[in-house]
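The values are calculated or read from the model by the stated rules, or taken from the named source; none is laboratory data. Computed from a prediction, not measured in an experiment: that's the story for all the values here. Here the Cβ is made from the backbone with ideal geometry for all residues, glycine too, and neighbour counts use every protein chain on show.
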Amino acid sequence: MKVWAETSSAQTVGQVLSDQPRGWLDKERERDHLGAVPRSKSLKRLAPQPAPLDALVAEIRACRVCAASLPHGPAPVIWVHPDARILIAGQAPGRRVHESGIPWNDPSGDRLRQWMNLDRDRFYDRRNIAVAAMGFCYPGTVNGADLPPRPECAPLWRPRLLPLMRSVKLTLLVGGYAHRYHLRSKAKQTLGETVRAWREYPANVMPLPHPSWRNTGWLNRNPWFEKELLPVLRRRVKAALA
Ligand code: SF4
């Protein structure tokens with residue numbers, strides 16, 4: 001959705017029209033096919049401005065706040081649309097996502113899609129799924145494991161981003177960083193305890209483990225996740241996208 005620029009002296013385009021005598025307006029319409037205000041002023045006044053979400057995404061993509069701490073440089077990955085109905089709040093991009101710029105474009109994403117029962121086409125339709133991780137840039141690795149999301153990122157951007165995601169019906173909190181940020185004091189001591197307590201949270205929020213292969217052992221030790229949580233997750237995903 002586009003919004004229109006305000007005219008000078010704090011009048012909207014509509015106010016300018018209603019303030020003028022009808023004869024003036026008719027003459028201007030005859031003279032100017034834009035039909036609103038004199039041509040010399042109309043192009044400037046009617047220039048569309050980016051929608052608030054588009055403007056914020058452009059700001060995020062230009063962000064360099066923690067560039068000095070990012071070994072591979074800033075490359076924010078954010079995947080949003082004002083109509084998106086499911087928000088995935090993950091951890092931070094890994095190397096493959098950093099290189100492609102496409103979130104969850106890796107084996108973890110394949111497992112997440114399987115959990116959600118979505119194919120790639122539906123998953124990557126931005127009107128269905130938005131992806132906004134706790135850190136937008138790849139933080140690098142230590143001893144082969146990804147570093148945590150940069151701590152500057154979530155408090156900087158999420159308070160501005162989340163209120164613009166007005167169509168979201170279901171938020172998936174993927175991993176402990178998203179649990180702690182979104183659930184605050186309601187998050188449990190450990191990731192496993194928080195996921196196990198999923199029934200305690202509102203139906204529009206689901207805490208999940210990270211779908212990385214590193215968590216395969218945890219998934220095997222907790223068969224209730226597949227038997228009890230996943231069927232409910234799939235029902236909620238289907239309902240949110242209906
Ligand atoms: S991680 Fe976040 S705060 Fe840091 S540069 Fe990237 S977008 Fe900016």
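Summary of computed values
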item	result
Residue match in segment 116-131 (condition: in contact (Cβ under 8 Å) with a residue 60 or more places away in the chain, within 28 Å of L70 (Cβ to Cβ) and surrounded by fewer than 19 Cβ atoms within 10 Å (Cβ to Cβ))	no
Selection status of V80, within 22 Å of P50 (Cβ to Cβ) and more than 13 Å from the ligand (Cβ to nearest atom)	yes
Conditions (1) more than 16 Å from P211 (Cβ to Cβ); (2) within 17 Å of the chain's Cα centre (by Cα); number of the one not met by R95	(2)
Residue pairs meeting the criteria (Cβ under 6 Å; at least 6 apart or on separate chains; first on the phi < 0 side of the Ramachandran plot, in segment 180-193; second in a helix (DSSP H, G or I))	Y181/A154; A187/H179; A187/R180; A187/T194; K188/T194; L191/G176
Residue in segment 207-242 that is nearest to L173 (Cα to Cα), counting only those that are outside any helix (DSSP H, G or I) and among the aliphatic types (A, V, I, L, M)	L208
Residues (among the hydrophobic types (A, V, I, L, M, F, W, C) and exposed (fewer than 12 other Cβ atoms within 10 Å of the Cβ)) located in segment 204-223	W213
Candidates L183, L162, filtered to the one that is within 24 Å of V57 (Cβ to Cβ) and at pLDDT 95 or above	L162
Members of segment 58-93 that are crowded, with 21+ Cβ neighbours inside 10 Å, among the small types (G, A, S) and more than 21 Å from L233 (Cβ to Cβ)	A92
Number of positions in segment 136-165 that are among the hydrophobic types (A, V, I, L, M, F, W, C), within 16 Å of the ligand (Cβ to nearest atom) and assigned to a strand (DSSP E or B)	0
Among the candidates K227, K188, K169, residue that is of a type in the set (D, E, K, R), more than 17 Å from I129 (Cβ to Cβ) and surrounded by 14 or more Cβ atoms within 10 Å (Cβ to Cβ)	K188
Filtered residue count, segment 103-135, keeping only those that are in contact with a helix residue (DSSP H, G or I) (Cβ under 7 Å, 6 or more places away or on another chain), assigned to a helix (DSSP H, G or I) and aliphatic (A, V, I, L, M)	1
Count of residues meeting criterion [of a type in the set (V, I, T) and either assigned to a loop (DSSP other than H, G, I, E, B) or in contact with a Cys (Cβ under 9 Å, 6 or more places away or on another chain) (or both)] in segment 85-102	1
Which numbered condition A203 fails, given (1) of a type outside the set (S, T, N, Q); (2) outside any helix (DSSP H, G or I); (3) under 15 Å from V57 (Cα atoms)	(3)
